[in-house]
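To start, the structure under review is shown below, and the notes come after it.
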Amino acid sequence: MPDKPQGAPQIKVNRWRRFADWDERPLRLDKFAVEDASAGFAAFSSPNDPKPGLEIEDGKVKSMDGIAAVDFDMIDLFIATHHLDLEVAPEAMAIPSHEIARMLVDMNVPRAKLVRLAHGMTPAKLAEVVAELNALEIAFAYSKMRARHTPGNQGHVTNAKDDPLQLAADAATAVAFGFDEIETTMRVARNAWSNAVACAVGAAVGRWGTLFQCSSEEAEELQIGMAGFTSYAETVSVYGTERAFIDGDDTPWSKAFLSTAYASRGIKMRCTSGAGSELLMGFHESKSLLYLEARCLCLQRGMGVQGTQNGGIDGAPVTCTVPGGVRELMAENLLAVWLDLECASGNDARPTESEIRVGAKILPYLIAGSDLICSGFGSILKYDNSFNPSLMNGEELEDFLVLQRDFEADGGLTPVGETEILDLRSRAVQAIAAVFEELNLGKPTADMMASVVAASGSEETQSYLPGDVSFISEAIKQRRINVIDVIKALAKRGYRTEAQNLLNVVKLRVTGDYLQTSAIVRNGRIISAVNDPNEYLGPGTGYRVSKERREQLVNIRDVLDRDEVLRSEGRHAKAESRLIQYRTMGAAEPGSDPREVVIGISPAFGLKIFRTLGGHPLSSILDALISGIRAKGCRPRIVRLRHTADTSFLGLSAARLAGSGVGIGIQAKGTAVIHQHDRLPHHNLELFSNAPITKLEHYRRMGENAAAYALSETPEPVVVPTKGEAMGARFHAQVALIYAIETSLTEDGAAPENIEIRLAEVMQ
């Protein structure tokens, strides 16, 4: 600390209160870790990471990343045997990492060329390359390297009760919003079969083609898939250290066998990995998060799976505690698409309590696009998300829709009207109830179904409880009910459209078309990396939002237009006509009374607009201003100004007409100013700029202060207190529309008009 000057006063303050304010923000609930490679808390590099290297002898790998073949662990062996393309490897490994990094962000280098090189790179080399890129470059490279042209999204559909009625309704809702895949899991393990049936039926309501997964224990999940209820799987976990694999009671070979079992039955399959998993399991080997994930991704390519679910997943919260952790999650997603895997790019585990950090994390994926931006998005409320809260949940779904509109970026979702949602939810609960009745699994009551249709979450339903569901689920499993039984039940009970929709998805398992990389179903058609490849080569190429798609994205709720503003004001006009009458009394001339204060009203004031943004009737505003002026012994005169609608010029024009040289200018939306005849237009005496929070008492005091200025006094200015509300976000669209109405009534050179008003039957 510098020396204190002599004579300086003693200042004793224990704490800057801003820190106390920050203590109350959600960010304080987040915790952050010190960067410590020895403990596994290192995002991009660790002293224990191997240096890139590859020796090949007689067509076999002699050493990889500094490890001799005789010392390979099972992960090294699998990567060397099944991932590395030894014809490409010498060329790829010889190119300096910084040059390859520049190729990733060079729009003139085709994606196919870079994919070919990636197949010849070791994990350490891949990690070293992407570590060269900053966050912006990673996002750009990701937009170029992702496999499929058209972006998509995946949603979670679960609830705290494992309630099949709510699952069916929420699945139908998720399908309506546009999720290409939906995934469920359960709070009670034995409820898996009931959850699967409910979501399969719900996903068939409204349209067909949304793929479905039931995340359960791996063996049971495969059984559910064999019964035909699911169409994809992604919970085949892969790890970057050998001890983590063994702790999970698996090997790369067993995982590859399981993946083949799914694919052989026509079930789309990808693996799950992601930074932080080895750290959470205690087997990180003091390696960096990125290097370990590079190993995972090379394993997955060697296994021949369609894609990966990575980007942290369950480990995202711990990864985000590390400096650069969010950038690392982006980098590992880039590695996935560079290796030509479908990428369900995480954004599922909620790694923060800060909504600012949530929005910041999702934005690069929304801008760049992704095969599946989330894996998955919590289409339900946080407390109903049995995977634990996603990065974004039902509470934020509408925010995501608005982000799409803001950036004209396709996040895979589409706004849906409330009436359509209610119809679909009703149809879904009726369909699953019909299945249960037909298959003697239960008979939901009308009250149970109605509560689910209306409910936002399970706390609002009067439906099944987990124990009730267990009997249904066990019956499905023990009786070997399969998807054909459900399809027949739907058709027999009159739900033929839903039966056909579900059958269409089952048929895909026979054709195998959706086993292509990055395959989803849109409008009854498979689109994938094969028939819809991403070919981004700079501006004007790659995925662009079409005119038709843009119309869908911008169609959010609460969108104002001029007609809506006028309709809203028209509803207030009748009430105002009983409270106030305006009468034009001819041209207004400058006054001579030194106690006269002119109130200059805008062109639409009381003619087209009848309430301020704060909801005050304009009759009440004038009453307050007039009362304030009269309370100080001055005389008000009301003048309508038609040559301008600008607040400052309304006030200045009023002041130049007033005998006192002081006037008030007020717009119909409530913005007001006190002005003086000899001041510059925007150099007013007082201004009420926040009309939405300006109260009638403020307008009365404005009237009093205007009169005080007329009497050559210097009153205390009236300040409308604000709590930092984002007034622009709430009102600026409405302000602009109202001002457009105001200006449409202006006329250059129009003379001001004296206005006589009658308030509550008393002539003013």
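Would you confirm, using the coordinates I've provided, whether Asn684 is surrounded by 20 or more Cβ atoms within 10 Å (Cβ to Cβ) and either among the charged types (D, E, K, R) or over 29 Å from Val565 (Cα atoms) (or both)? It would help to see each step written out before you state the result.
Details: surrounded by 20 or more Cβ atoms within 10 Å (Cβ to Cβ): no; either among the charged types (D, E, K, R) or over 29 Å from Val565 (Cα atoms) (or both): yes.
The answer is no for Asn684.
Answer with yes or no whether Ala43 is of a type in the set (A, V, I, L, M, F, W, C), closer than 30 Å to Lys255 by Cα and surrounded by 11 or more Cβ atoms within 10 Å (Cβ to Cβ).
So Ala43 fits the description; yes.
Is it the case that Leu334 is modelled with pLDDT of 95 or more, closer than 30 Å to Arg102 by Cβ and not aromatic (Phe, Trp, Tyr)? Let's see the steps before the verdict.
Working: modelled with pLDDT of 95 or more: yes; closer than 30 Å to Arg102 by Cβ: yes; not aromatic (Phe, Trp, Tyr): yes.
It is true that Leu334 is modelled with pLDDT of 95 or more, closer than 30 Å to Arg102 by Cβ and not aromatic (Phe, Trp, Tyr).
Identify the single condition in (1) modelled with pLDDT under 90; (2) touching an Asp or Glu at 6+ places or on another chain (Cβ under 8 Å) that Lys574 does not satisfy, given that it satisfies every other one.
The number of the failed condition is (2).
Hand me the list of strands (runs of 3 or more DSSP E) wholly inside the stretch 513-614 holding 3 or more residues that are surrounded by fewer than 20 Cβ atoms within 10 Å (Cβ to Cβ). Steps first, please.
Details: elements: 520-522, 525-527, 580-587, 596-601.
Strands (runs of 3 or more DSSP E) meeting the threshold: 580-587.
Can you tell me which condition Asp410 does not meet? The list is (1) at pLDDT below 95; (2) not in a helix (DSSP H, G or I), and all the others hold.
Failing condition for Asp410: (1).
Within the stretch 682-738, how many residues turn out to be part of a helix (DSSP H, G or I) and either among the charged types (D, E, K, R) or within 41 Å of the chain's Cα centre (by Cα) (or both)? Give the derivation first.
Initial filter on the stretch 682-738 (part of a helix (DSSP H, G or I)): 691-693, 696-710, 727-738.
Among the residues that remain, those that are also either among the charged types (D, E, K, R) or within 41 Å of the chain's Cα centre (by Cα) (or both) are: 691-693, 696-701, 704, 727-738.
The number of residues fulfilling the criteria is 22.
Is it the case that the stretch 95-106 has a residue that's farther than 29 Å from Asp250 by Cβ, among the small types (Gly, Ala, Ser), within 38 Å of the chain's Cα centre (by Cα) and crowded, with 16+ Cβ neighbours inside 10 Å? Write out each step before concluding.
Start the filter on the stretch 95-106 by keeping residues that are farther than 29 Å from Asp250 by Cβ, which leaves 95-106.
Then keep just the ones that are among the small types (Gly, Ala, Ser); that gives 97, 101.
When the remaining residues are screened for being within 38 Å of the chain's Cα centre (by Cα), the result is 97, 101.
Subsequent filtering for residues that are crowded, with 16+ Cβ neighbours inside 10 Å retains 97, 101.
Checked the stretch 95-106: at least one residue is farther than 29 Å from Asp250 by Cβ, among the small types (Gly, Ala, Ser), within 38 Å of the chain's Cα centre (by Cα) and crowded, with 16+ Cβ neighbours inside 10 Å.
Output the number of residues of the stretch 187-205 satisfying the condition of being in contact (Cβ under 8 Å) with a residue 60 or more places away in the chain and surrounded by fewer than 24 Cβ atoms within 10 Å (Cβ to Cβ).
Here the count works out to 3.
Among helices (runs of 4 or more DSSP H) lying entirely in the stretch 446-498, which contain 2 or more residues that are in contact with a Pro (Cβ under 9 Å, 6 or more places away or on another chain) and either more than 20 Å from Ala200 (Cβ to Cβ) or modelled with pLDDT of 95 or more (or both)? Reasoning before the result, please.
Working: elements: 446-454, 466-478, 483-492.
Passing ranges, in order: 466-478.
How many of the residues making up the stretch 154-194 are in contact with a Leu (Cβ under 6 Å, 6 or more places away or on another chain) and either assigned to a strand (DSSP E or B) or of a type in the set (S, T, N, Q) (or both)?
Summing the residues that are in contact with a Leu (Cβ under 6 Å, 6 or more places away or on another chain) and either assigned to a strand (DSSP E or B) or of a type in the set (S, T, N, Q) (or both) in the stretch 154-194 gives 2.
Say we look at the stretch 311-335 and pick out the residues that are farther than 12 Å from Asn347 by Cα and among the β-branched types (Val, Ile, Thr); which of these is farthest from the chain's Cα centre (by Cα)?
By that ranking, first place goes to Val322.
Hey, can you tell me all the residues within the stretch 3-56 that are over 23 Å from Val318 (Cα atoms), touching a helix residue (DSSP H, G or I) at 6+ places or on another chain (Cβ under 9 Å) and among the charged types (D, E, K, R)?
Lys51, Glu55
Spot the failing condition for Val109; the list is (1) modelled with pLDDT of 95 or more; (2) not in a loop (DSSP other than H, G, I, E, B), and only one is missed.
Tallying (1) modelled with pLDDT of 95 or more; (2) not in a loop (DSSP other than H, G, I, E, B), Val109 fails exactly one: (2).
Report every pair of residues separated by at least 6 positions or lying on different chains whose Cβ atoms are under 6 Å apart, first residue within the stretch 2-30 and touching a residue at least 40 places away in the same chain (Cβ under 8 Å) and in a helix (DSSP H, G or I), second surrounded by 10 or more Cβ atoms within 10 Å (Cβ to Cβ) and hydroxyl-bearing (Ser, Thr, Tyr).
Matching pairs, first to second residue: Pro26/Ser354; Leu27/Ser354.
Of Ser216, Ser264, Ser231, which residue is farther than 24 Å from Val188 by Cα and either polar (S, T, N, Q) or crowded, with 18+ Cβ neighbours inside 10 Å (or both)? Quick ask: steps written out before the conclusion?
Values: Ser216 fails: farther than 24 Å from Val188 by Cα; Ser231 fails: farther than 24 Å from Val188 by Cα.
On inspection, the qualifying residue turns out to be Ser264.
Out of the stretch 128-148, which residues are within 16 Å of Ser345 (Cβ to Cβ) and not aliphatic (A, V, I, L, M)?
Hits for the stretch 128-148 are Phe140, Tyr142, Ser143, Lys144, Arg146, Arg148.
Quick test for you: out of Leu77, Leu86, pick the one residue that is over 40 Å from the mean Cα position of the chain (by Cα) and part of a loop (DSSP other than H, G, I, E, B).
Details: Leu77 fails: part of a loop (DSSP other than H, G, I, E, B).
Exactly one of Leu77, Leu86 is over 40 Å from the mean Cα position of the chain (by Cα) and part of a loop (DSSP other than H, G, I, E, B), namely Leu86.
Let me spell it out: the conditions are (1) at pLDDT below 95; (2) under 30 Å from the mean Cα position of the chain (by Cα); (3) among the charged types (D, E, K, R); (4) more than 22 Å from Ala344 (Cβ to Cβ), and Glu548 meets all of them except one. Which number is the exception?
Tallying (1) at pLDDT below 95; (2) under 30 Å from the mean Cα position of the chain (by Cα); (3) among the charged types (D, E, K, R); (4) more than 22 Å from Ala344 (Cβ to Cβ), Glu548 fails exactly one: (1).
Would you please name the residue that is surrounded by the fewest Cβ atoms within 10 Å (Cβ to Cβ), looking only at residues in the stretch 395-429 that are among the small types (Gly, Ala, Ser) and in contact with a Gly (Cβ under 6 Å, 6 or more places away or on another chain)? Talk me through it step by step, then tell me what you get.
First, pick out the residues of the stretch 395-429 that are among the small types (Gly, Ala, Ser): 409, 411-412, 417, 426, 428.
When the remaining residues are screened for being in contact with a Gly (Cβ under 6 Å, 6 or more places away or on another chain), the result is 412, 428.
Numbers: Gly412: 26, Ala428: 32.
Residue satisfying both the conditions and the ranking: Gly412.
Restricting attention to the stretch 58-66, does a residue exist that is out of contact with any helix residue (DSSP H, G or I) (no Cβ under 7 Å at 6 or more places or on another chain) and of a type in the set (Ser, Thr, Tyr)?
Within the stretch 58-66, the first condition is being out of contact with any helix residue (DSSP H, G or I) (no Cβ under 7 Å at 6 or more places or on another chain), and the residues that meet it are 58-60, 66.
If we keep only those that are of a type in the set (Ser, Thr, Tyr) too, we end up with none.
Among the residues of the stretch 58-66, not one is out of contact with any helix residue (DSSP H, G or I) (no Cβ under 7 Å at 6 or more places or on another chain) and of a type in the set (Ser, Thr, Tyr), which makes the answer no.
Within the stretch 699-742, how many residues turn out to be at pLDDT 95 or above, within 17 Å of Gly665 (Cα to Cα) and surrounded by fewer than 16 Cβ atoms within 10 Å (Cβ to Cβ)?
Going through the stretch 699-742 one residue at a time, the tally reaches 0.
To keep it simple, each residue is scored yes or no on (1) more than 23 Å from Ser744 (Cα to Cα); (2) free of Cβ contacts under 8 Å to residues at least 40 places away in the same chain.
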| position | (1), (2) |
| --- | --- |
| Arg562 | no, no |
| Ser577 | no, yes |
| Val598 | yes, no |
| Ser602 | no, no |
| Leu641 | no, no |
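The values are calculated or read from the model by the stated rules, or taken from the named source; none is laboratory data. For clarity, every value in this text was computed on a predicted model and none was experimentally measured. Positions of Cβ are backbone-derived with ideal geometry, glycine not excepted, and every protein chain shown enters the neighbour counts.
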